[in-house]
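**Q** The structure is given below, and queries will be raised subsequently.
The values are calculated or read from the model by the stated rules, or taken from the named source; none is laboratory data. All values derive from a computational prediction rather than experimental measurement. Neighbour counts run over all protein chains shown; Cβ positions are idealised from the backbone, glycine included. Note: areas computed on protein heavy atoms with side chains; ligands, DNA, RNA excluded. Shrake-Rupley method; radii C 1.70, N 1.55, O 1.52, S 1.80 Å.
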Amino acid sequence: MEAKSSSFSLPFPQMLRQRNPVPDVPEDVGYIKLHLNDPNWDLNQASPTASVGSVELNDKIERTSSSGYSFRSTELDTESQDDSTYKDSTYKTTSSSSRAHLREADIEEFNDESPYAEVRAAVSNIDDPLMPVNTFRMWFLGIVLSFILAGLNHFFEERYPSLAISALVVQLIALPLGKFLEWLLPTKRFNTFGYVWSLNPGPFNIKEHTVITIMASAVYSDVYVTTVFATQKAFFNQSLTFAYQILLALSTQLLGYSFAGMTRQFLVWPASMIWPGALVSCALLNTLHKNFGKKEKRHMSRERFFLYVFIASTVWYFFPGYIFTALSVFNWVCWIAPKNPTVNALFGYSTGLGMGFLTFDWSMISWIGSPLVTPWWAEANIAVGFVFFFWFLAPILYFKNIFFAKYMPISAAGAYDNTGASYNISEIITNGVFDEVKYRAYSPMFLPTTFSLAYGIQFAAISAVFVHTFLWYRHDIARQLRRALTDERDVHARLMMVYADVPWWWYASLGVISFILGVIGIEVFGTGLPVWSFVISILIAVVFIIPVGMIRAITNQLLPLNVIMEVLVGYMVPGKPVAMMLFKTYGFITVTQSLSLASDMKIGHYMKIPPRTLFVAQTLATVITCFVCVGVQIWQFANIPDFCQADQKDYFTCPDVDTFATASIIWGGIGPQRLFSPGQIYNPMLWFFLIGAFAPIPFYLLARRYPYSIWRYVNTPVLFAGLGQMPPASGINYSSWVMVGAFFQWFMRRFHFRWWMRYNYILSAALDSGVALTLILIFWCLQYPKGGVSINWWGNTVWQNTYDTLGMPFLTTNTSFGPLTWS
């Protein structure tokens with residue numbers, strides 16, 4: 001059979017000329033403006049001036065599949081690939097006084113390679129459409145490993161410092177397990193109603209491995225609504241039925257998938273949506289399969305590099321994680337002055353600002369995400385925002401006693417009453433509903449400096465993302481509305497055209513089912529959330545999906561929408577904390593799950609996975625994780641003493657639940673009108689909405705005026721949203737993250753590019769995997785059996801005997817502080 005070619009015509013040179021013989025704008029300036037809104041695009045690289053819209057796909061073919069789609073027999077990590085065709089001397093340099101100094105790209109190379117170094121470092125540009133994917137061993141391993149990963153991740157989620165076992169761990173163990181099944185299973189073929197299949201269709205391949213990884217990715221992020229259940233149990237003392245929990249778990253986790261279909265042309269198909277997190281998975285997948293059973297002579301293989309780092313990380317974490325925990329909380333200044341409130345407020349790692357860079361614990365460094373994944377320009381934005389707001393502005397507010405801050409620790413995830421004690425939620429709740437009489441008899445709520453400041457920053461992020469998206473991406477969004485997959489020029493988009501896409505009604509059916517489950521859950525079990533507000537939360541989420549998704553796809557940062565949801569529900573359904581938590585959950589998690597599926601679709605896009613197989617795999621894995629996580633949480637409350645209490649001996653203190661419970665009372669109980677409305681104590685925080693709306697404008701104008709300057713890298717939504725984990729994150733989590741990111745994402749990428757291309761993402765995966773394994777060993781082998789084994793010596797107690805760890809305020813009172821009356 002003659003191979004079909006996928007081609008499109010190359011415009012004649014005269015068709016590329018301006019109609020005006022003396023163009024008003026140099027030709028390359030249009031190219032600059034086209035990519036000015038993409039900070040990951042290097043404006044100094046090749047400029048496809050001659051048009052990149054057309055090239056015969058098979059011009060460089062060495063072999064072709066029977067389906068007519070090309071494979072290029074190039075190796076992912078050859079020296080030429082490392083050096084990048086975009087830096088090759090084959091490009092011509094053109095310059096003149098009237099135009100930017102941009103190099104012209106060879107059209108074939110431009111179309112057969114991604115224009116992004118990060119993508120070229122991690123993703124192969126070849127495909128074999130005949131490679132089996134929908135196999136028994138893929139489904140078997142995917143289901144079993146998803147079950148295990150979901151259980152372990154949820155188990156450790158409520159520990160501080162917590163560490164989610166990455167889907168990368170599943171990638172590592174799936175390969176030898178797949179190869180074992182390849183050896184074990186019979187190769188006999190069966191014919192079932194005309195469909196020929198086999199338990200063992202051949203060698204375990206990279207596409208099967210990818211789908212298993214995507215299933216693991218679906219269960220990696222836990223079931224968000226279980227935090228609502230934990231809050232109801234631990235703080236509101238409510239008893240919950242299994243039916244209530246599983247209905248809401250399935251509804252919240254699956255509803256977002258139904259909206260993912262509309263994001264494909266905006267967040268998956270365009271080459272500029274690189275999804276940095278997806279690149280780590282792709283890099284490891286290609287590395288493992290390329291080098292499996294092979295030896296490299298010129299340099300250390302990525303597989304061996306991973307093994308060495310993994311072993312070192314596993315062994316090392318026993319020290320900061322168990323033997324010498326002061327290496328983790330390395331607040332050495334506080335050791336010198338353990339009872340000095342100023343020193344502990346500034347340099348403390350627990351309830352201080354963490355003014356330091358030293359920690360020897362990878363789980364502390366990567367607590368807000370791996371610094372080896374997020375692009376450096378995004379990390380720099382977050383670093384600037386963090387230093388200004390939390391190391392400059394926060395101390396000023398605290399030591400000037402703004403909002404009565406000195407009577408509380410400077411940084412904490414909880415709220416306080418007017419005596420300086422932790423706010424006792426049960427004092428103002430009756431049967432899960434806010435009791436105003438009890439509130440008047442008890443105390444108004446006070447927030448630590450970083451907590452109140454964090455709310456203002458997230459207000460700014462919400463308004464900034466809309467203004468930023470309109471300024472930078474309005475033309476891209478309008479263009480993508482008119483485009484289909486066949487219109488994309490990127491090599492990966494063209495290779496995906498051989499596979500049938502997911503029909504729209506699959507997404508619609510999943511959405512209808514999820515909506516019905518949600519209505520049953522909130523109505524039958526008396527949550528206090530009206531159906532009309534449930535619908536509003538979903539509509540708000542739909543509005544945010546694309547702008548938030550574009551920020552996520554470019555920067556690896558997720559805008560926390562929980563704040564805007566909290567504000568809205570506080571006014572719509574006042575006095576009902578449970579209703580508030582569910583409204584926030586549906587609004588936030590619908591966006592998150594939609595983007596989760598979009599991210600996995602991008603992995604499938606890079607690795608050439610049939611979209612329908614991917615959709616079924618992720619949906620099935622998500623259903624599994626709902627049952628597993630609900631079951632694990634029920635077991636934890638029944639079997640772990642003092643679970644979700646501040647003094648839990650194994651550190652299962654549930655910091656996220658504490659933050660969640662506090663927010664539920666702030667917004668759903670006491671309500672925004674008692675805290676943020678005019679005349680209330682935290683009303684100045686609302687000015688951040690205005691700050692966020694205006695912040696992107698000057699930087700946009702400066703970037704347009706000076707396109708090669710640093711201004712094109714300023715991204716105010718990232719600057720604000722990147723601070724969304726503070727608190728419960730501490731200053732050290734940000735400062736060490738930025739320091740490590742600067743070394744690898746700026747220094748190594750800039751000055752040792754080949755090393756970075758080969759090993760950077762592998763290093764991130766190995767460090768995560770080693771810490772995850774050690775955490776499992778420490779808990780199950782040393783801490784949990786028979787009450788556990790503890791090591792009591794100076795290295796494990798020095799950091800605990802400080803004002804920082806004890807959460808001591810700067811001022812104390814024998815009576816009360818704050819207003820004398822409140823309502």
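**Q** If you place +1 on the Cβ of every Lys and Arg, -1 on the Cβ of every Asp and Glu, and leave all else neutral, what size is the dipole of the stretch 621-727 about its Cα centre, to the nearest 20 Debye? Don't jump to the answer; show the numbers that get you there.
**A** Numbers: 5 positive and 5 negative charges, 154 e Å.
Dipole about the Cα centre, nearest 20: 740 debye.
**Q** Just add up the charged neighbours of ALA454: K/R +1, D/E -1, any other residue whose Cβ is under 15 Å from the Cβ of ALA454.
**A** With Lys, Arg at +1 and Asp, Glu at -1, the net is -3.
**Q** Could you work out the pair-distance distribution P(r) of the stretch 314-454 from its alpha-carbon pairs, with 10 angstrom bin width and percents rounded to whole numbers?
**A** Answer for the stretch 314-454: a P(r) of 11, 30, 31, 20, 8, 0 percent.
**Q** Quote the charge dipole size of the stretch 522-624 about the Cα centre in Debye, to the nearest 20; the model charges only the Cβ of Lys and Arg (+1) and of Asp and Glu (-1).
**A** Magnitude of the dipole: close to 260 debye.
**Q** Also: Return the whole-Å distance between the Cα centroid of the stretch 759-782 and the Cα centroid of the stretch 266-284.
**A** Between the Cα centre of the stretch 759-782 and that of the stretch 266-284, the gap is 24 Å.
**Q** Mind grabbing the accessible area of ILE311 for me, 1.4 Å probe, Å², rounded to tens?
**A** Roughly 90 Å² of ILE311 is accessible to a 1.4 Å probe.
**Q** Moving on. With respect to the cross-link table entries LYS584/LYS649; LYS400/LYS649; LYS233/LYS584, which display a Cα-Cα separation exceeding 25 Å?
**A** Flagged as over cut-off: LYS584/LYS649; LYS400/LYS649.
**Q** If you plug each phi of the stretch 393-401 into the Karplus form 6.51 cos²θ - 1.76 cosθ + 1.60 with θ = phi - 60°, what whole-Hz ³J(HN,Hα) values come out, in order, with x for Gly and Pro?
**A** 6, 4, x, 4, 4, 5, 6, 8, 6
**Q** Full-extension gain between VAL519 and ALA646, please, as 0.36 nm times their residue separation minus the C-alpha to C-alpha distance.
**A** Gain on stretching VAL519 to ALA646: 42.3 nm.
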